[in-house]
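A quick write-up on the structure given underneath.
The values are calculated or read from the model by the stated rules, or taken from the named source; none is laboratory data. None of these values were measured; they are calculated from a predicted model. Methodologically, a virtual Cβ is constructed for each residue, glycine included, from the backbone with ideal geometry; neighbour enumeration extends over all protein chains shown.
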Amino acid sequence: MRDVAMHSDDPEHTLVRCVAKNFKEEYDLQRANLVVEESRHAWDRQAIESASKAEIRASSVLLRIREHERRYLFGNLPGEAIPSADSKDMGGLLNYESTYRWYIATAIDRMVEDRIMYAEWRPMLLDKSIPSDDGQKQLLLDDQMAIICEVTRNKMDELQSRGQLDRFPFGDSKLTRGHSASLSYEFYQVMVGSPSMTLHGWRQLVEWSIEHACLTPDQQRLGYSIFKRDWEEFCVWINEEYGAYADGLDETR
C-alpha cells in the first residue's frame, strides 16, 4: 500500500476514476434497461397504457405525496395497529338495540358518502349479547346478524329509489375472522403502502374485479361504464385538490 496520497494527476488515480465512472454509467444503463424490461411485463401494464391524462397526473401526485410522507413524516416506517381479538367499537350502556341499528346505518351512510366500494363486517362488531330496547331480553348473535341484514336491505332500497344502488359498498355481507381477517389487513397494507402499487394498479384491480365478478354481460358493461365515469372524476379531483401541494413539496431537505 502506498504511503503517500495520490495526486489528481497521478496516472493510477486517473485510471481508478475512469473505471469508477464507467462502472457507474454501465450500472445506470443496466438499471434503466431492467426497469424498461420489467415494465413490459408489469401486472398493471394494461392500466398504465390506457391511462388518461388526468390519471397519469393524479398517479404522479399521489406518488410524490406518498414518498414525501414516507421519508419525512413516517421515517420510512408507515404502519397501522392491528386491533386485538378483544377490541370493541361499542360497550357498556351504549351497546343496546337502537344504538346497534343506528351504528350500522350510520356506518353504511358514511361509506356511501366517502365512496368506499368494499367493506367487510368484522367479528368485533358482534358481542355475545346486547340488551333489547325494553330490557326484557338479550339479543344473541343470530339476532344481531338479523339486524345487520335488515338495515343493509333498507339502505339498499333507499339507494335504489334514488338511482344510486351502484354506490352501495357491499357486494355481500360476510363476517371475516381468523386468517381471512389477517389477509384483508395485508391487502390494505399493499394498497396504501407498497412502493410498487400505483394509482394505475388500483384501477387494474377494480377492472379485474368487474371482469371476474359473477355478473351478467349487461351488468359488467354497466359496471365498467359507472366505474369509468367515477374514476375519471376521482382523478380530476386528486389533481385539483392536491396537485399544487404535491408540486410544492421539497424533496431536497
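Tell me yes or no: at least one residue of the stretch 127-136 is modelled with pLDDT of 85 or more, in a loop (DSSP other than H, G, I, E, B) and touching a helix residue (DSSP H, G or I) at 6+ places or on another chain (Cβ under 6 Å). Yes, some residue in the stretch 127-136 is modelled with pLDDT of 85 or more, in a loop (DSSP other than H, G, I, E, B) and touching a helix residue (DSSP H, G or I) at 6+ places or on another chain (Cβ under 6 Å). With respect to E69, is the statement that it is surrounded by fewer than 11 Cβ atoms within 10 Å (Cβ to Cβ) and at pLDDT below 85 true? It is false that E69 is surrounded by fewer than 11 Cβ atoms within 10 Å (Cβ to Cβ) and at pLDDT below 85. For the stretch 158-174, the candidate set comprises residues that are under 19 Å from L222 (Cα atoms) and not in a loop (DSSP other than H, G, I, E, B); within that set, the residue that is modelled with the highest pLDDT is S161.
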